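See below for the structure under consideration.
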Amino acid sequence: MGWKTLDDMDLNGKRVLVRVDINVPVVDGVVTDSTRIRRIAPTVRDILSAGGRPILLAHFGRPGGERRENLSLNKLVPTLERAFETRVLFAADCVGTAAELAAESLQPGEVLLLENTRFHAAETKNDPELAAGMARLGDVFCNDAFSAAHRAHSSTEAIARLLPSCAGRLMQAELEALESALGAPKRPVTAVVGGAKVSTKLELLSNLIEKVDYLVIGGGMANTFLVAQGHHVGKSLAERIMKDTAAEILAKADSTGCKVILPTDIVVAEKFESHAPHLVLPADQCPENGLILDAGPDSVDVITGIFAQSQTVIWNGPLGAFELEPFDAATNAAALKAAALTRAGKLISVAGGGDTVAALNASGAAEDFTYISTAGGAFLEWMEGKTLPGVAALNGSRD
Ligand code: AMP
């Protein structure tokens, strides 16, 4: 853990450039879900109460390096003011004279929001000159955008090499949770990997079998593993061309001592529809016209039994077609067990990535998980064992 937190920095009287992720949904100029903004409020408040002056750097959407009014950050000002309970000023560029003047004249207690960093094509090229222009606006850099940390951009990577840098509260919570789940986890550690395809999660599986004690595979990707074991999966979603790769993963897991858990029973329907008539069958008995849409109750017993023996669970991907009732049953039951063990203080549970957050929210289990990452791509790259440039730059930042 080579990075610093806000507590390690002297912020009094300093202008603090804070990289945030405020990509909130906006309909007709109105923010419809302010979750992302509320999550950065502790960072802003802590900077203000330490006597610092927060200057927010953020991207919004994909303007492709051009100024596009519909992707201006100006419309977020009222929502930011409500979340921070203070005055928020806006500068119409993230570099240049107007931004410098606005940063210079910022008063204690005020926050400055800079325009969308991606209005500059140089941003996504990690251009050092653009980063230097941004760095001129502040004395300290604070990165609170874990969800953008897998990209080496001027406002996430290059800038951290120019100023004394630290992690914001949200980034800190995320990194601490991830560290406790895979960096130095309490063992046994179990990974649950579900979702549609093996091909999108190959690197993730390869990394996990070297680090975890149990690997639970579910969802459509489990079907590919059943094929690799010589079973028929009927018309189920399965990547038959990935069959050999799946077999290699199973063999590698054997050699690293990671126990792979595949469904022993399956829930089979003929249609990919909510409430489609369905049967529970042994995993090797899927009929020719069958679609495997969920793991069966015996599989759930095995999975929850493993959770009960584990100290740590890390989860990405649903165990079945969770958008269709009742094929969300295995995901819900397993998630609720992980939540109950966590509530009882027996388990550290960390989940994230794409549909996982939606699946765990739908099950009602999310609240009791130790940590739910909403970071999507960054969370997955971290699970794949990759170095995230935005975090690495904090480690190597100037003192
Ligand atoms: P991913 O984005 O890879 O995490 O995949 C999530 C998607 O996989 C969800 O839309 C699920 O409905 C889908 N899924 C999970 N299990 C199955 C299954 N057995 N058959 C078809 N789709 C599935």
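The values are calculated or read from the model by the stated rules, or taken from the named source; none is laboratory data. If you're wondering where the values come from, they're calculated on a predicted model, not measured in any experiment. Heads up, the Cβs are rebuilt from the backbone with ideal geometry, glycines too, and the neighbour counts pull from every protein chain shown. Each accessible area value is taken on the protein alone, full model and side chains, heavy atoms only, with ligands, DNA and RNA left out. Shrake-Rupley method; radii C 1.70, N 1.55, O 1.52, S 1.80 Å.
For the reader, a short list of remarks on this structure follows.
- Check on Ala329, open to solvent by 10 Å² or more (accessible area, probe 1.4 Å) and near the ligand (Cβ under 7 Å from one of its atoms): no
- Here Glu123 meets the list (1) within 27 Å of Leu380 (Cβ to Cβ); (2) free of Cβ contacts under 8 Å to residues at least 40 places away in the same chain almost entirely, failing just condition (2).
- Whenever a residue of segment 171-186 is at positive phi, it has no partner that is open to solvent by 20 Å² or more (accessible area, probe 1.4 Å) lying with C-beta atoms less than 8 angstrom away and at least six residues away or across chains.
- The listed residue being open to solvent by 10 Å² or more (accessible area, probe 1.4 Å), assigned to a loop (DSSP other than H, G, I, E, B) and over 19 Å from Leu6 (Cβ atoms), out of Ala132, Ala102, Ala152: Ala152
- With respect to being touching a Leu at 6+ places or on another chain (Cβ under 9 Å), within 12 Å of the ligand (Cβ to nearest atom), touching a residue at least 60 places away in the same chain (Cβ under 8 Å) and open to solvent by less than 50 Å² (accessible area, probe 1.4 Å), Ala359 falls outside the description.
- Residue within segment 78-96 that is at pLDDT below 95 and not in a loop (DSSP other than H, G, I, E, B) present: no
- In this structure, Ala338 does satisfy being under 16 Å from Gly353 (Cβ atoms) and not polar (S, T, N, Q).
- Residues (under 27 Å from Asp127 (Cβ atoms) and either open to solvent by 70 Å² or more (accessible area, probe 1.4 Å) or in contact with a Leu (Cβ under 8 Å, 6 or more places away or on another chain) (or both)) located in segment 45-63: Ile47, Gly52, Arg53, Pro54, Ile55, Leu56, Leu57, Ala58, Phe60, Gly61, Arg62, Pro63
- Every residue from segment 221-259 that is open to solvent by 30 Å² or more (accessible area, probe 1.4 Å), within 25 Å of Lys271 (Cα to Cα) and either β-branched (Val, Ile, Thr) or touching a strand residue (DSSP E or B) at 6+ places or on another chain (Cβ under 7 Å) (or both): Lys235, Ile241
- Complete set of residues in segment 298-322 that are of a type outside the set (Ser, Thr, Tyr), touching a helix residue (DSSP H, G or I) at 6+ places or on another chain (Cβ under 9 Å) and within 25 Å of Ala375 (Cα to Cα): Phe307, Val313, Ile314, Trp315, Asn316, Gly317, Pro318, Leu319, Gly320, Ala321, Phe322
- Segment 1-35, subset open to solvent by 70 Å² or more (accessible area, probe 1.4 Å) and of a type in the set (A, V, I, L, M), residue modelled with the lowest pLDDT: Met1
- Count of segment 210-251 residues, restricted to those that are among the charged types (D, E, K, R), under 28 Å from the mean Cα position of the chain (by Cα) and either within 16 Å of the ligand (Cβ to nearest atom) or part of a loop (DSSP other than H, G, I, E, B) (or both), is 2.
- Residue-level check: of (1) in a loop (DSSP other than H, G, I, E, B); (2) closer than 20 Å to Arg118 by Cα; (3) out of contact with any helix residue (DSSP H, G or I) (no Cβ under 8 Å at 6 or more places or on another chain); (4) not polar (S, T, N, Q), Asp10 misses just (2).
- Residues of segment 173-209 that are within 16 Å of the ligand (Cβ to nearest atom) and of a type in the set (Val, Ile, Thr): Val192, Val193, Val198, Thr200.
- Of all residues in segment 310-326, those being open to solvent by 10 Å² or more (accessible area, probe 1.4 Å) and more than 14 Å from the ligand (Cβ to nearest atom) number 1.
- Every condition in (1) surrounded by fewer than 23 Cβ atoms within 10 Å (Cβ to Cβ); (2) closer than 15 Å to Leu182 by Cα; (3) more than 16 Å from the ligand (Cβ to nearest atom); (4) under 20 Å from the mean Cα position of the chain (by Cα) holds for Gly364 except the one numbered (2).
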